[in-house]
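Visitor: Take a look at the following structure, please.
The values are calculated or read from the model by the stated rules, or taken from the named source; none is laboratory data. Since the model is a prediction, treat every value here as computed from it, not as a measurement. Glycine gets a Cβ as well: all are built from the backbone with ideal geometry, and neighbour counts include every protein chain shown. Keep in mind that these areas ignore ligands, DNA and RNA; they rest on the heavy atoms of the full protein, side chains included. Shrake-Rupley method; radii C 1.70, N 1.55, O 1.52, S 1.80 Å.
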Amino acid sequence: MPGQPGLSEGRRPRTRRISWYGRWLGEALAHVAPGPVVVVGHSLGGAVALACDAPQIVGRVLLSSAGIVRLRVPATVLAATVPWLLRPTPARSTALVRRMAAPGEGRVPGDLGEWMALVGRCCRSSLAPPPLPSGLLQLRRSVPTLAVSGRYDPFLPPQILGPGARRRLGAEVRVIDGAGHLLLDESPEAVLGAVREFCAARTADT
């Protein structure tokens, strides 16, 4: 997204950031997807998908999504985040990634630490965005939603995200075992399967 990440982008939102990104997504969809679409958003991207009211959206898949409930920030994650924000070296970035992922070695690609170091140097972190207004989420109940959470997500554990997504969005909820917050890196095949099933159900409905 322009500005997050991307400090080189001049059109960065200064206030009401999620609403700004929601409008940006609507403009992008108008250019690239004039027909019915299912929008997939991860983390901050999930909040942006919820903020967008583009009429062609017929479904949303929200992966470890912000915007639904307040994020938890465990002390262990905070302890790894502060050094990364101050000086994002590959070693510090790798330590942060490990706190975000499911426990155990080999859960995420080995070069993800280097990527996170680049993100820390070149991008503006969103930190922990608050939930979206209840009135907005109530409006989004008219479109089918699938909320996906990693079993070991430190920010949005299933026992918190799941009930919140059902209550506030009427969403279907799926939990991916063996994954933390980095679903797209830890369990790409499981994510792809969930999106395919959700899209197939939308096709059957129409």
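Visitor: Specify the inter-centroid distance of the range 47-104 and the range 129-197, based on alpha-carbon positions, in whole Å.
Guide: A separation of 12 Å, based on Cα centres.
Visitor: Per-residue HN-Hα couplings for the range 31-42, Karplus 6.51 cos²θ - 1.76 cosθ + 1.60 at θ = phi - 60°, whole Hz, x for Gly and Pro?
Guide: Per-residue couplings from phi come out as 8, 10, 9, x, x, x, 9, 9, 9, 10, x, 10 Hz.
Visitor: Under a 5 Å amide H to amide H cut-off, with H placed in plane at 1.01 Å, what residues pair with residue 61 once short-range neighbours are removed?
Guide: For residue 61, the qualifying residues are 39, 40, 41, 146.
Visitor: Moving on to the next point. Please work out how much accessible surface residue 98 shows to a 1.4 Å probe, ignoring ligands, DNA and RNA, in Å² rounded to 10.
Guide: Surface accessible to solvent at residue 98 totals approximately 150 Å².
Visitor: OK, next. Place a +1 charge on the Cβ of each Lys and Arg in the range 145-206 and a -1 charge on the Cβ of each Asp and Glu, then give the dipole magnitude about the Cα centre in debye, rounded to the nearest 20.
Guide: Here the size comes out at about 340 debye.
Visitor: Next question. Long-range amide H contacts for residue 176: which residues qualify at under 5 Å (H placed 1.01 Å from N, peptide plane, sequence gap of 5 or more or a different chain)?
Guide: 149, 150, 151
Visitor: Of 145, 89, 203, which has the most accessible area with a 1.4 Å probe, and how do the rest follow in descending order?
Guide: The most accessible residue leads, giving 203, 89, 145.
Visitor: Run the numbers on the chain and let me know its relative contact order in percent, using alpha-carbon pairs under 8 Å that are six or more apart.
Guide: 21 percent
Visitor: Out of the total accessible area of the range 111-176 (probe 1.4 Å, heavy atoms of protein only), what percent is carbon and sulfur?
Guide: On the range 111-176, the fraction of accessible area on carbon and sulfur atoms equals 55 percent.
Visitor: At 10 °C and a viscosity of 1.306 mPa s, what translational diffusion coefficient does Stokes-Einstein give for the range 102-177, taking Rh as the Kirkwood radius over Cα pairs? Give it in µm²/s as a whole number.
Guide: 107 µm²/s
Visitor: Could I ask something else about it? For the chain, state what percent of all Cα-Cα pairs lands in each successive 10 Å bin, counting from 0 Å until the bin that includes the largest distance.
Guide: 9, 34, 38, 18, 2, 0
Visitor: Where is the GNM fluctuation largest for the chain (alpha-carbon springs, 10 angstrom cutoff): 67, 150, 164?
Guide: Comparing 67, 150, 164 in the GNM, the peak value goes to 164.
Visitor: So what's the back-of-envelope 222 nm ellipticity for the chain, counting only DSSP H runs of four-plus at -39500 (n - 2.57) apiece and dividing by all residues, rounded to 500?
Guide: -14500 deg cm²/dmol
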